[in-house]
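The values are calculated or read from the model by the stated rules, or taken from the named source; none is laboratory data. Keep in mind it's a predicted model, so treat the numbers as computed, not measured. Ideal geometry is used to build each Cβ from the backbone, glycine not excepted, and the neighbour counts take in all protein chains shown.
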Amino acid sequence: MDRQLRALILSPFISQRLTMVMGKENAPDLEHLCGLIEADTLVPVIDRTYTLEQVPDAMRYFDAGKARGKIAITIHAPQS
């Protein structure tokens, strides 16, 4: 969201036209994506996974521009 807001603020001062785009999800589209993933037609690329305690490291890695895919945070439910 930070990038989009900066783009809107900078837009009047630079020659490029910068705008904000927000996606909308709907149930049929999400069901279609689920089908593609289940059929192994669409495979998400996960660069690295981090534990919840490692989120600061994950953010540093992401901010450095090194990620070649998504960064996943694993959260384990407490054992009862």
> Which ones in region 53-74 are in contact (Cβ under 8 Å) with a residue 24 or more places away in the chain and more than 22 Å from ASP2 (Cβ to Cβ)?
Replying inline: THR74
>> On the basis of being surrounded by fewer than 10 Cβ atoms within 10 Å (Cβ to Cβ) and either modelled with pLDDT of 75 or more or not hydrophobic (A, V, I, L, M, F, W, C) (or both), does ALA39 make the cut?
In response: yes
> Restricting attention to region 60-80, which residues are among the basic types (Lys, Arg) and within 22 Å of VAL43 (Cα to Cα)?
Replying inline: LYS66, ARG68, LYS70
> If a residue has to be surrounded by 11 or more Cβ atoms within 10 Å (Cβ to Cβ) and modelled with pLDDT of 90 or more to count, how many in region 14-31 make the cut?
Replying inline: 1
> Quick one: which helices (runs of 4 or more DSSP H) sit completely within region 1-77 and have at least 3 residues that are acidic (Asp, Glu)?
Replying inline: 27-38
> Only one of (1) exposed (fewer than 10 other Cβ atoms within 10 Å of the Cβ); (2) in contact with a helix residue (DSSP H, G or I) (Cβ under 6 Å, 6 or more places away or on another chain) is not met by VAL45, so which one is it?
Replying inline: (2)
> Looking at region 64-78, which of the residues that are of a type in the set (Val, Ile, Thr) and surrounded by 10 or more Cβ atoms within 10 Å (Cβ to Cβ) is nearest to the chain's Cα centre (by Cα)?
Replying inline: ILE71
>> Being of a type outside the set (D, E, K, R) and in contact with a strand residue (DSSP E or B) (Cβ under 9 Å, 6 or more places away or on another chain) is the requirement here; does THR41 meet it?
In response: no
